[in-house]
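Structure first, then comments.
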Amino acid sequence: MRACLFSGGKDSTLAIHRMHDIGKDVELLITFVSDNAFSYMFHKAAIEFTTLQAEALGMRQVMYTTKGEKEKELDDIERALKENRVDELVTGAVASAYQKDRIEKLCKNLSIDCISPLWGIEPEKELLEISRTFKAIVTQVSAEGFDKSYLGAVIDEKMIGKLKKLQEKYRINMSFEGGEAESFVLDAPLFKKRIEVTKAHTEWSGTVGKYVIEEAKLEKK
């Protein structure tokens, strides 16, 4: 079983496309819903709407809850891999050695092949590909330099220009691998339908801003 740790963000979605491009389609999406507002391993923003993405992709999805406790999160991943008899795991890891090293060690112990097709990709190159072939929005920001204008905004060339300036001034990671922001994909080449957000609001607390999706639906492309 070839599965993907799927968060609904740009990285895991692009990883699925990369696998498709080499003729190794993902068969199962494994999604974790964390009880912890801050998770070391899992994306949280808009996670409940990944069910729409799974339907749009035409892929089976299993969802697990986790307390989001550091290191113990790996026990939850191990359980999911065993229960679904995964023998090949795809991740959207780009530059976080913390995540990649732990998942690879876990997979090695379980004799599972771990594939991270985006590992080491140049951040601007990835964002340009996303802007040209996907419709992805920013759902959360939590780093110096970001403001409310990013919330709910589409990742396009204009945003990439703004992110480059933030990188120069504040040294952010443009791929958001430092936790600077989170994203959610509304449309992509493999989506049979697109996602339309019908109700949402923004929140701002301290240095953290959120674009909270309340309602969304699938529409014909």
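The values are calculated or read from the model by the stated rules, or taken from the named source; none is laboratory data. No experiment lies behind these values; they were computed from the predicted model shown. So basically every Cβ, Gly included, is an ideal-geometry build from the backbone, and we count neighbours across all protein chains shown.
Check Gly120, Gly145 and return the single one that is of a type outside the set (A, V, I, L, M), over 24 Å from Arg194 (Cα atoms), surrounded by 15 or more Cβ atoms within 10 Å (Cβ to Cβ) and in contact (Cβ under 8 Å) with a residue 12 or more places away in the chain.
Details: Gly120 fails: surrounded by 15 or more Cβ atoms within 10 Å (Cβ to Cβ).
Answer to the selection: Gly145.
Identify all residues within segment 159-201 that are exposed (fewer than 12 other Cβ atoms within 10 Å of the Cβ) and either in a strand (DSSP E or B) or of a type in the set (Gly, Ala, Ser) (or both); write none if there are none.
Gly161, Thr198, Lys199, His201
Looking for something under 27 Å from Ala56 (Cβ atoms), of a type outside the set (Phe, Trp, Tyr) and touching an Asp or Glu at 6+ places or on another chain (Cβ under 8 Å) - is there at least one such residue anywhere in segment 165-176?
yes
Does Glu177 qualify as being modelled with pLDDT of 95 or more and under 15 Å from the mean Cα position of the chain (by Cα)? Write out each step before concluding.
Working: modelled with pLDDT of 95 or more: no; under 15 Å from the mean Cα position of the chain (by Cα): yes.
So Glu177 fails the test.
Working carefully through the options Leu74, Leu81, find the one that is of a type in the set (A, V, I, L, M), free of Cβ contacts under 8 Å to residues at least 40 places away in the same chain and over 19 Å from Gly9 (Cβ atoms). It would help to see each step written out before you state the result.
Values: Leu81 fails: free of Cβ contacts under 8 Å to residues at least 40 places away in the same chain.
Being of a type in the set (A, V, I, L, M), free of Cβ contacts under 8 Å to residues at least 40 places away in the same chain and over 19 Å from Gly9 (Cβ atoms) holds for just one of Leu74, Leu81, which is Leu74.
Please indicate, with yes or no, whether at least one residue in segment 146-153 is in the same structural domain as Ile22 (by TED's automatic domain parsing), assigned to a helix (DSSP H, G or I) and not acidic (Asp, Glu). Let's see the steps before the verdict.
Pass one, segment 146-153, residues in the same structural domain as Ile22 (by TED's automatic domain parsing): none.
No; the residues of segment 146-153 include none that is in the same structural domain as Ile22 (by TED's automatic domain parsing), assigned to a helix (DSSP H, G or I) and not acidic (Asp, Glu).
Does at least one position in segment 82-100 carry a residue that is outside the structural domain of Phe191 (by TED's automatic domain parsing), at pLDDT 90 or above and assigned to a helix (DSSP H, G or I)? Please lay out each step first, then the result.
To start, the set of residues in segment 82-100 that are outside the structural domain of Phe191 (by TED's automatic domain parsing) comprises 82-100.
The next check asks that each one be at pLDDT 90 or above; those that pass are 82-94.
Keeping just the survivors that are assigned to a helix (DSSP H, G or I) gives 82-83.
Yes, segment 82-100 contains a residue that is outside the structural domain of Phe191 (by TED's automatic domain parsing), at pLDDT 90 or above and assigned to a helix (DSSP H, G or I).
Could you please give the count of residues in segment 101-132 that are under 17 Å from Ser175 (Cβ atoms) and in a loop (DSSP other than H, G, I, E, B)?
Final tally of qualifying residues: 7.
Of the numbered conditions (1) surrounded by fewer than 21 Cβ atoms within 10 Å (Cβ to Cβ); (2) outside the structural domain of Gln61 (by TED's automatic domain parsing); (3) modelled with pLDDT of 95 or more, Ala136 fails exactly one; give the number of that condition.
Only one criterion is unmet by Ala136, namely (1).
Has segment 52-67 got any residue that is crowded, with 20+ Cβ neighbours inside 10 Å, at pLDDT below 90 and not acidic (Asp, Glu)?
Yes: one or more hits.
Looking at (1) free of Cβ contacts under 8 Å to residues at least 24 places away in the same chain; (2) in contact with an Asp or Glu (Cβ under 7 Å, 6 or more places away or on another chain), which is the one condition that is false for Gln140?
All conditions are met except number (1).
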